[in-house]
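A.B. asks: The structure is given below, and queries will be raised subsequently.
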Amino acid sequence: MEIENPNFFTLSVKNFNIKCMNQTNKLYGNLDIIGGQIEGSSNATFIENGSFNFDNYDFGILINKISGNIGFNFFGIINKVVPINMTITTDLKNVLTDINTPEITINAEISEVNEDGISFNGEINVFNPNKFKIIIEDMLLSVESDSGDTLGNIDILSGEIDPDSNKNFSINGELLFASLNYDKVFIELKAKAGARIAGFQKSINISSKTQFEIPDIQELLLINDTMDFSISAEFKLRMNGVLAKVGFKIYNPSEIPLHMNNLTCYISSSVDNQSTPIVQNDMQECVIPSKNEVCIKTNLTIPYLSLISSGSNKLLPEWFVITIRGNFFIEGTNQNIPISFNGYISPNFFT
């Protein structure tokens, strides 16, 4: 505190105190200044150290109340003490208007598909271009389709970033299977960047949005493994024709259940490498659990007349060709994998 004495007599400064508070009288600190004497026509500076705690202060109005006593003695005849009271109001609402917005980079990828959903991981890199530390909190990463459908929400842990420094935040979460319906989705990060300067704290809203390409379903299902298929058939002579009991066995090596639909079984005759369709029958839809094998069966009856007219001069062809066609898909998606398998079986019913 600096005081100038323009008088020719000496002044004394005593019991000065500064109280700092907000508009609701919340006290952030006070400071006592011991003071002393100021000779006539001179000035003096009185210095004291103290601490003011501004934690959780949201930059606004600060009220500083200053009180104390100034006394003078005029030739030893008149002694007088004058109380001094002042209020200094400071508006700090614009103190952080020059905050530079953090720079955000999002890198993420789909690591695997499992029965719970699509594993989505990566990292968010945030650069703090300011000369003071910032706090990134309330971070939420949302994944949406171009039509605004929510495909996943991932909470990100908060953290502090030093001045002129980078910090990485991990992404670990699950997306809905419906994400596979889109070639691209949008990733948006929303968060609050809080600045702390000399105990003051202020937050601003930040966001960043980017596009993310969804891999094809065929790339995700069979990673480092193969899907096994086999076709079997048993033929029996009946009064109305040849009964064919066909089995289609599938092993699912992936981490998610697979669905099969639009399944149709065809039987053709093969003579001299020429195939002639004979009969067909739809098969039931099925679900193949993760790491499991399922066998789908169907019965088809081949009329004897169809065998005779199938392109062979004999009752039976050289081979029966069994073809199974259909689609694989994941529940909740509109992507599918078309399949078609052939099996050649010798028609040796009588052995």
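The values are calculated or read from the model by the stated rules, or taken from the named source; none is laboratory data. These numbers were taken from a predicted model, which means no experiment stands behind them. Cβ: placed from backbone, ideal geometry, glycine included. Neighbour counts: every protein chain shown.
A.B. asks: With the structure loaded, tell me whether N334 is modelled with pLDDT of 90 or more, surrounded by fewer than 19 Cβ atoms within 10 Å (Cβ to Cβ) and within 30 Å of N114 (Cβ to Cβ) or whether it fails that test.
C.D. replies: Judged against the criteria, N334 is not a match.
A.B. asks: Moving to a separate point now. Select from the range 1-41 the residues that are part of a loop (DSSP other than H, G, I, E, B) and in contact with a strand residue (DSSP E or B) (Cβ under 8 Å, 6 or more places away or on another chain) and list them in ascending order. Give the steps one after another, and end with the answer.
C.D. replies: Within the range 1-41, the subset part of a loop (DSSP other than H, G, I, E, B) is 1, 6-10, 22-26, 39-41.
Correct list: M1, N7, F9, T10, N22, Q23, E39, G40, S41.
A.B. asks: Which one of the conditions (1) buried (at least 19 other Cβ atoms within 10 Å of the Cβ); (2) within 30 Å of E115 (Cα to Cα); (3) without any contact (Cβ under 8 Å) to a residue 60 or more places away in the chain does S268 fail to meet, given that it meets all the rest?
C.D. replies: (2)
A.B. asks: Among F52, F72, F59, which is modelled with pLDDT under 90, outside the structural domain of S203 (by TED's automatic domain parsing) and over 30 Å from A195 (Cβ atoms)?
C.D. replies: F72
A.B. asks: Tell me, please, whether a residue that is at pLDDT below 85, surrounded by 13 or more Cβ atoms within 10 Å (Cβ to Cβ) and small (G, A, S) can be found in the range 214-231.
C.D. replies: The answer is no; no qualifying residue exists.
A.B. asks: Would you point out which residue out of N79, N85, N22, N43 is loosely packed, with under 14 Cβ neighbours inside 10 Å and at pLDDT below 90? First the steps, then the outcome.
C.D. replies: Working: N85 fails: at pLDDT below 90; N22 fails: loosely packed, with under 14 Cβ neighbours inside 10 Å; N43 fails: at pLDDT below 90.
Result of the check over N79, N85, N22, N43: N79.
A.B. asks: Can you report the number of residues in the range 173-189 which are modelled with pLDDT of 90 or more and surrounded by fewer than 19 Cβ atoms within 10 Å (Cβ to Cβ)?
C.D. replies: Number satisfying all stated conditions: 2.
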